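Let me begin by presenting the structure, written as C-alpha cells, before commenting on it.
The values are calculated or read from the model by the stated rules, or taken from the named source; none is laboratory data. Not measured: the values here are computed from a predicted model. Cβ atoms come from the backbone with ideal geometry, glycine included; neighbour counts cover every protein chain shown.
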Amino acid sequence: MQRMIGIVLLSIASLAAAVDECYEPCGCFTTDPPFDDRPLPEDYDTQEISWRLYTATNPNLGFNIHWDDIPTEYDPSKPTVYLIHGWISNTSEQELIKDAFLEAGKDYNIIVVDWSTGADKPLNYPLAASNTRVVGACTAHLAEMISGGNLASHHCVGHSLGGQTCGYMGKAAHGGGSPTLGRITGLDPAGPLFYGGDARVRLDKTDTLFMDNIHTSALVQGLGEAVGHVDFFPNNGLRQTPCEDSSCDHDICRDYMMASLSHSSCSFTARPCDSVEDAENGLCEDCDPSTTCSKMGYYSNTMPGRGRMFLRTEADLPYCED
C-alpha cells in the first residue's frame with residue numbers, strides 16, 4: 001500500500017497543464033478540476049477495450065459485441081449485466097461471476113468488459129484510475145446502442161477500479177440529467193484517488209437508479225465510504241474472516257457476491273449501523289424485515305434496508321452467518 005501511495009504522489013507531481021481530448025463516440029475528457037490530480041485517460045483504441053457477450057444458451061465461448069456489431073444472440077428483452085475488473089487485472093475473476101449468474105438460472109445477457117491493457121499500469125496507478133473514465137463512457141455508449149436507450153434493466157457490477165468504472169458508466173448514460181442505468185454494484189470499489197470530494201470523480205448513488213456497495217477493505221485498497229443507496233460493511237468493512245492479508249480482504253467481496261447467487265440458504269442478512277463503534281458496542285444486531293433489514297449481494301434490491309449496513313461472515317463457504 002505504501003508503494004502504491006508513492007506511485008500516486010510521483011505521478012501527480014508530474015502532471016502537465018490541463019488538457020482536453022475527445023474520443024468519439026465515447027465523449028470528451030479533461031484534466032480540469034476536479035480531474036486535475038490525475039493524467040488524461042488513454043483513448044479507446046490504446047486501451048484495447050472489448051466486450052464479450054454470454055447467455056444461458058452460450059455460457060462458455062461468448063460472442064464479441066460492439067456498438068457497430070451487435071450479435072443476434074443479444075436479446076434486448078432480457079436484463080443485461082456488465083462485469084468489470086480492476087487494476088492490473090483481467091476478466092478471469094469476472095468470468096467466475098458470470099458463471100455464478102448463469103448457473104443460478106439467471107437468463108440474462110452477461111457482458112464481460114475487458115480493459116486489461118488500460119488497467120495494466122503497475123507503476124502508474126493514476127493513469128489506470130483515469131482510464132476508467134473512458135471504459136465507463138464507452139460501455140455506456142454500447143449499452144445505449146444495444147438497448148435503444150432503455151437501461152432500467154441494465155446492471156453494472158465492478159470490482160475495485162471496476163466499481164469506479166461502473167460509476168462513470170452511469171454518469172455517461174444520463175449525461176447530467178436523471179439517472180437511467182438501472183443498478184450499480186460496487187465490489188470494494190477502489191479508494192485511492194476517489195476518497196471523499198466531488199461526486200463527479202467517484203461512483204455515487206446519483207449515477208444510477210439503485211446502487212449497492214460491498215466494502216471489505218475500507219480505507220486500505222477500498223473506498224470505505226457510504227456512497228450508495230445501501231452500503232454493506234461485512235466485519236465492519238475491515239479484516240475479513242476468511243482472509244489473512246489485505247489483498248484477500250479486497251478480493252473476497254467477489255466471493256460474497258457469488259455466494260449470494262449460488263447458495264439460496266445464504267441470506268447475508270444485514271442490519272443498520274452508523275459506525276464501527278456502534279457495531280463493536282452491540283448496537284447493530286437487530287432489524288425489521290419489513291422496513292430496515294437488507295441482504296448483502298445480488299438480492300439487496302429486493303429488501304427495504306437502506307444506508308450503512310453491518311453483518312458478520314464465517315470463514316468458510318458460503319460465508320454467511322444466516
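Values as computed for the structure displayed
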read-out	value
Selection from region 276-315 of residues that are of a type outside the set (D, E, K, R) and over 19 Å from Cys253 (Cβ atoms)	Asn281, Gly282, Leu283, Cys284, Cys287, Pro289, Ser290, Thr291, Thr292, Cys293, Thr302, Pro304
Those residues of region 246-273 which are surrounded by fewer than 22 Cβ atoms within 10 Å (Cβ to Cβ), under 15 Å from Leu311 (Cβ atoms) and under 19 Å from the mean Cα position of the chain (by Cα), in sequence order	Ala259
Pairs with Cβ under 7 Å, 6+ apart, first in region 170-191 and under 15 Å from Arg133 (Cα atoms) and free of Cβ contacts under 8 Å to residues at least 60 places away in the same chain, second surrounded by fewer than 24 Cβ atoms within 10 Å (Cβ to Cβ) and of a type in the set (D, E, K, R)	Ala173/Glu144
Among the residues listed as Pro71, Pro39, the single one being part of a loop (DSSP other than H, G, I, E, B), buried (at least 18 other Cβ atoms within 10 Å of the Cβ) and either hydrophobic (A, V, I, L, M, F, W, C) or at pLDDT 95 or above (or both)	Pro39
Any hit, region 105-122, residues being more than 18 Å from Phe63 (Cα to Cα) and under 15 Å from the mean Cα position of the chain (by Cα)	yes
Any hit, region 151-172, residues being of a type in the set (Lys, Arg) and in contact with a Phe, Trp or Tyr (Cβ under 6 Å, 6 or more places away or on another chain)	no
Members of region 111-130 found to be free of Cβ contacts under 8 Å to residues at least 60 places away in the same chain and crowded, with 24+ Cβ neighbours inside 10 Å, listed by number	Ala119, Ala128
Hits in region 285-322 - residues which are among the polar types (S, T, N, Q), closer than 21 Å to Phe210 by Cα and outside any loop (DSSP other than H, G, I, E, B)	Ser294, Ser300, Asn301, Thr302
Elements of type strands (runs of 3 or more DSSP E) in region 104-201, at least 2 residues being more than 26 Å from Ala218 (Cβ to Cβ)	109-114
So Ala315, is it under 22 Å from Leu102 (Cα atoms) and either touching a residue at least 24 places away in the same chain (Cβ under 8 Å) or among the acidic types (Asp, Glu) (or both)	no
Residue in region 274-297 that is farthest from the chain's Cα centre (by Cα), counting only those that are crowded, with 22+ Cβ neighbours inside 10 Å and without any contact (Cβ under 8 Å) to a residue 60 or more places away in the chain	Cys284
Residue match in region 257-273 (condition: touching a helix residue (DSSP H, G or I) at 6+ places or on another chain (Cβ under 9 Å), modelled with pLDDT under 95, over 18 Å from His159 (Cα atoms) and not polar (S, T, N, Q))	yes
Selection from region 266-284 of residues that are outside any loop (DSSP other than H, G, I, E, B), in contact with a Cys (Cβ under 8 Å, 6 or more places away or on another chain) and either among the hydroxyl-bearing types (Ser, Thr, Tyr) or under 22 Å from Pro242 (Cα atoms) (or both)	Thr269, Ala270, Arg271, Ala279
Close pairs from region 203-220: first at pLDDT below 95, partner acidic (Asp, Glu), Cβ under 8 Å, at least 6 apart	Val220/Asp249
From the options Ala173, Ala152, residue that is surrounded by fewer than 19 Cβ atoms within 10 Å (Cβ to Cβ), of a type in the set (A, V, I, L, M, F, W, C) and either more than 21 Å from Ile252 (Cβ to Cβ) or under 8 Å from the mean Cα position of the chain (by Cα) (or both)	Ala152
Scope region 70-104; condition among the small types (Gly, Ala, Ser) and free of Cβ contacts under 8 Å to residues at least 12 places away in the same chain; matching residues	Ser77, Ser92
Matching residues in region 86-99 - criterion: being crowded, with 20+ Cβ neighbours inside 10 Å and either at positive phi or of a type in the set (A, V, I, L, M, F, W, C) (or both)	Trp87, Ile97
Subset tally (residues that are touching a helix residue (DSSP H, G or I) at 6+ places or on another chain (Cβ under 9 Å) and either free of Cβ contacts under 8 Å to residues at least 40 places away in the same chain or assigned to a helix (DSSP H, G or I) (or both)) for region 236-248	5
